[in-house]
There are 4 protein chains.
Amino acid sequence: MDFTSDNTFGAHPKILDAIVAANSGPVASYGADPFTQDAAARLCEIFEHEASVFFVATGTAANALALGAICPPWGAVFCHEDAHISEDECGAPEMFTAGAKLVGIPGFAGKISPADFEKTLASYPRGQVKQVQPAVLSLSQLTEAGTAYACDDIAHLAGLAHEAGLKVHMDGARFANALVAQNCSPATMSWRAGIDVLSFGATKNGALACEAVIFFDSAMAEAFAYQRKRSGHTVSKGRFLGAQMLAYLDARLWLDLAKIANGHAARLAAGLAKIPGVRLPWMPDANEIFVIIPGAIDKMLKAAGAAYYEWGLRDYPPEVIPPSEGEVFVRLVTSYATASADIDRLIAIAQGIVK
Amino acid sequence: MDFTSDNTFGAHPKILDAIVAANSGPVASYGADPFTQDAAARLCEIFEHEASVFFVATGTAANALALGAICPPWGAVFCHEDAHISEDECGAPEMFTAGAKLVGIPGFAGKISPADFEKTLASYPRGQVKQVQPAVLSLSQLTEAGTAYACDDIAHLAGLAHEAGLKVHMDGARFANALVAQNCSPATMSWRAGIDVLSFGATKNGALACEAVIFFDSAMAEAFAYQRKRSGHTVSKGRFLGAQMLAYLDARLWLDLAKIANGHAARLAAGLAKIPGVRLPWMPDANEIFVIIPGAIDKMLKAAGAAYYEWGLRDYPPEVIPPSEGEVFVRLVTSYATASADIDRLIAIAQGIVK
Amino acid sequence: MDFTSDNTFGAHPKILDAIVAANSGPVASYGADPFTQDAAARLCEIFEHEASVFFVATGTAANALALGAICPPWGAVFCHEDAHISEDECGAPEMFTAGAKLVGIPGFAGKISPADFEKTLASYPRGQVKQVQPAVLSLSQLTEAGTAYACDDIAHLAGLAHEAGLKVHMDGARFANALVAQNCSPATMSWRAGIDVLSFGATKNGALACEAVIFFDSAMAEAFAYQRKRSGHTVSKGRFLGAQMLAYLDARLWLDLAKIANGHAARLAAGLAKIPGVRLPWMPDANEIFVIIPGAIDKMLKAAGAAYYEWGLRDYPPEVIPPSEGEVFVRLVTSYATASADIDRLIAIAQGIVK
Amino acid sequence: MDFTSDNTFGAHPKILDAIVAANSGPVASYGADPFTQDAAARLCEIFEHEASVFFVATGTAANALALGAICPPWGAVFCHEDAHISEDECGAPEMFTAGAKLVGIPGFAGKISPADFEKTLASYPRGQVKQVQPAVLSLSQLTEAGTAYACDDIAHLAGLAHEAGLKVHMDGARFANALVAQNCSPATMSWRAGIDVLSFGATKNGALACEAVIFFDSAMAEAFAYQRKRSGHTVSKGRFLGAQMLAYLDARLWLDLAKIANGHAARLAAGLAKIPGVRLPWMPDANEIFVIIPGAIDKMLKAAGAAYYEWGLRDYPPEVIPPSEGEVFVRLVTSYATASADIDRLIAIAQGIVK
């Protein structure tokens, strides 16, 4: 009963099969192989747009390299105050931008509101030499609260950013889960909504270690190959990144896996919500549930071997009643690989029906 | 007939098998899994020394992170003027040290002589504020010229470095090939010879993407986990790095593969050396051959589909007669996965026997 | 009637005299001159503590170099959310630390409360690899709101910081003004209260361009000479920094000048506070006044040629009623060089007595 | 008898007078004052070109900021192997470029030959991702050997650089001395010869602490104000930089001072050259003499209180017979402030006439 993260599970068998299948014979190294090139072309098709596509092995690399390509050292990256790039990457964006500042914006359920974005933006006037300069808006889709922005909301925020001369990055570590939640096309949720650069995650949703950085405007990617090389992220046997991505995209595997994971979470949320004393501070959109549970239930779950992270918010927005003394705030993440029985069991334990 | 590099080949089947075998069930992410821990322990055994061991996916990451851990921004890293860290990583050490200077030392056949090292060191007096401060000696084993330092030579150089207050790093991208060439123990060729930090490569010798950074003095590794994280090199499904390394080390696979690769190269060198007009500027120790061939032979080889890199030296040492107009300087690399028949065929083509 | 800043005025005549007097004959460059050495010794006497003292020409250099010496790239610097280092140095601390994160803490009147510091600190648990690590608490004395921490408050905050393994930096750009306000000894307001490194400003209070970085623990200053050099802050004709500081400290000039400036501000605040519609959101401690004035008064002042900055707070704490539509929030800074008549005149204009 | 450097002397009295004269009354800070603006305009006149001009207090700041503006982190800066930026700034260019590589080119008497530049350039092919990319050619005028490039030679080198897509920087710490030596116009020795960015020194030639960074193409200076701020090089009382530069340029003071300094050196060189056993490895062009003297003379000079640096070359070019056992290689620098009698005396001591 592991609900700690979607990266505690391994890779999907089809991804592994593709790796094994790509193994034979010599091919060019460092990404000049046909697997890599086909995977890039396939992403262009799926996104219905010409793009410069680069593969790396980790999500932090994808985000930090993407930000490094569009934010100067004296720039500001605006993001939600709980954003992964700000809170969970040990300063990677600062390293890859050579010192830019991440400016956190508060917001309910992991989302930045246009009003809050505008207010923050106003406090960084362009040309004010003493301050870092507005450079990037970075949105997480899924957000760190497991919610998904509506495409219109992305477009609204991106529009404000572009008007102010910023570039827009999307941290799509769970892009597939968000896409399934919004039930729209990849194009609609990215470049059509104003995203300039997308970190397109595959690892959490079934790949072994593969993420793509997709620049919808190739001009922004001019120096990316050098930045990737000098940060040690150009994998020598690049074929294995390409092969993973091809398998991930093949026959809608990526969407199918995200649907399963999201479905697990929906069932879990519905089951828990009915239990007295359990409350969800906001409704999940995809495969992450944030839930406040009585301490007694927390104890029963742990006693039964359930694994998950305790959570917390640095600042509780007015919409959320913070956990009281006896309550525990927890995050539960589901994967396509989560056993369906584990969902049932977790609910039953929380209900006090089984141990 | 691919002789371009040992990373144009895929992974050894046993490595792939291990990846597949490690896939089932949830395990802790980010390297807290048992595969990673076992692999680290196994390396300590093999090196007969307690060590702090970290896994990453690329050789450049291993080197740059290792150097970042032992060289301050105002430091100098002394290395051979053709060293991979200086010439082939697009400035990664400079990025990871936040601006240190790599000081190239010339030397025949990829090796630094103690006299040249001392001379260079003398031109960076400690405490001279206007100059970067001597911080690290980095040795490549194999060198970039395909040669292997004798363990005594390493010890001599490392001794000079330690006396002067430097730390010693070894770029062991082809550590296994060098070890087989020197026929000694891993300990003898590393910490017993004075190496403080070792980039222990597995990728070129059969892994899919796996390198270890081994600190023989754990104090130097104190901040490594943070540096690895903020550079995006902490793989989320870390089990797959651990699994690769376990398989690589298991039942001496790593040494067996290196022996095969070295044997191929020896046979290739012997075959080519006999051909009139072909000359080897220095003798190969392991799986890389550097050879100067008549242009006519180069054409025949290429016409037959042989792939390899043209080479060149920025400065030719007195020991080497530079290629003349009609000659071509080439590098040929062999892998455990190189077909034995390809060796024969290359020689035969060069001999003009077959096309 | 210039109230924009204390750096719109020139240097005190005694400082200029000292520069001229120091000019004759050759002396060693780069700070090896007797002026520099005497000035460092004099600071040690005044602070009653052995210290490593370095001079630079700007306050941003002093702060950024100080932070660079005590915060690693993966570190967090905790400071007030309006701190100069965070908001007014265009990312200098990020540059000099090679990417550390500045974590802003809100607080009334420019001050951090122990409770808020502890709360923030708790959200950066040590050893949590995904997050930057707590490294430094930086306090501004004067704060950016023109207030001065009581020495006990500094000691309390520094104590919490030290307990958690942090170093403590003080941005003392207006140290003299704060010292006069607190009426204590330099030692009491610095190392006795737990300050490890002090940016000791002189420029705003009468020097031409001179700040000292004072390390009360010399071990932290080990690499400072290199960092200063490689950031271009080692002035070649260093004698002129030493000479400025000697004159600044001579015969209590620094304290006398700060007293005059503070006195001007006190008189100005008292005068303005009596005017109907004028309100001070908090009381000034030294030479900076923050005041909310009716728009009509603002217009009269500007019409009369008064110069000052409009101000604003990103977030208004509960203690402050934000300016309403018709009001203007302004900052008025006084200097020892402010004409006494300008104070009277400003008050009289605001009273509507003169134009 | 101080011949160690031109920065062991103070500032010229006219410069000090200008500082004192600029002191009265409030003016805008951070370079928005009329002194700064007039000085920038005056430089544009003197250089007969529109330019973006920025003032800083040190030569290292000028060079490092200039390079940071035109070289990306993955770039290479080509310079003479003894260049100040490479050997005497403790890695400042590496810091300000966030990690670029300085590639040293050998050459007689401090100069790079076109052939050597082309050879080096050829070893950094554009688009080769594994290598840093050619970005900047930086020439020192005066060179570190005290010689001055002919304007045609600068134009030749800059032409090669521009053809290859590089920008060209000139380290003009001793620009005035070189200009007097070449007897040409500032325009001819800078932008007309292809210089894009010039570090225009004044400190060594009579200023207290003032250097200008002059961008002849303003597009390259777009982000300079931010870079200067975040590196702590925006002086708050900027009027004093402007005032120094105005006085320096007024009535050809700068050229007169350089003429005096150069004249001193010429007389010194001529006097020394006649002494048996003394030899000049190359002829000086301006105010720095490099000379190899018998050890006995060295002892006499030191005994008499003469101060100068011992010198040395990392590698002696074929044109120079290295100092033998009994010889000492020294550098003697003259300033406008050097006493004429000191020149006579040094020669007389070396001749053995006086002690």
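Since every read-out is calculated from the coordinates, none of them should be taken as a lab result. All of these numbers come straight from a predicted model, not from anything done at the bench. No Cβ is skipped: glycine too gets one built from the backbone with ideal geometry, and neighbour counts run over all protein chains shown.
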### Message
Averaged across C:20-30, how many Cβ atoms of other chains sit within 10 Å of each residue's Cβ atom?
### Response
6
### Message
What is the sum of charges, Lys and Arg at +1 and Asp and Glu at -1, for the other residues whose Cβ falls under 12 Å from the Cβ of B:D298?
### Response
0
### Query
Counting every Cα pair in the stretch C:300-355, what percent are over 12 Å apart?
74 percent
### Task
Name the residues whose placed amide hydrogens come within less than 5 Å of the amide hydrogen of C:C90, ignoring near sequence neighbours (fewer than 5 apart) on the same chain.
A:Q131, A:V132
### Task
Bin all alpha-carbon pair distances of the stretch A:233-277 at 10 Å intervals from 0 and give each bin's fraction as a whole percent.
23, 27, 23, 16, 9, 1
### Task
Give the span of the stretch A:191-312's Cα atoms along each principal axis, as three whole-Å numbers ordered largest to smallest.
55, 32, 32
#### Entry: 32 Å Cα-Cα threshold exceeded, pairs from C:K101/C:K302; A:K119/C:K119; A:K274/C:K101; B:K167/C:K101; B:K274/D:K130
C:K101/C:K302; A:K274/C:K101; B:K274/D:K130
### Task
With the Cα gyration tensor of the protein assembly as shown in hand, convert its eigenvalues to equivalent ellipsoid semi-axes via √(5λ) and list them largest first in whole Å.
51, 47, 26
### Query
How much net charge surrounds C:A348 when only other residues with a Cβ under 14 Å from its Cβ are counted (Lys, Arg +1; Asp, Glu -1)?
+2
### Query
P(r) for chain D: what percent of alpha-carbon pairs falls in each 20 Å bin, starting at zero?
30, 56, 14, 0
### Query
What number comes out for the charge environment of D:L208, summing +1 per Lys or Arg and -1 per Asp or Glu over other residues with Cβ under 12 Å away?
+2
### Query
Given R₀ = 60 Å, FRET efficiency for B:S218-D:D38 by Cβ-Cβ distance, to 0.05?
0.50
### Query
Across peptide D:67-78, how many C-beta atoms of other chains are within 10 Å of each residue C-beta, on average?
3
### Task
Could you size up the charge dipole of chain C around its Cα centre, putting +1 on the beta carbon of Lys and Arg and -1 on that of Asp and Glu, and report it in debye to the nearest 20?
460 debye
### Query
Considering only DSSP beta bridges with both partners in the protein assembly as shown, what is the antiparallel share in %, to the nearest 5?
50 percent
### Query
What ³J(HN,Hα) values, in whole Hz, does the Karplus curve 6.51 cos²θ - 1.76 cosθ + 1.60 give for the stretch A:195-200 when θ = phi - 60°, with x put for Gly and Pro?
6, 8, 9, 10, 8, 9
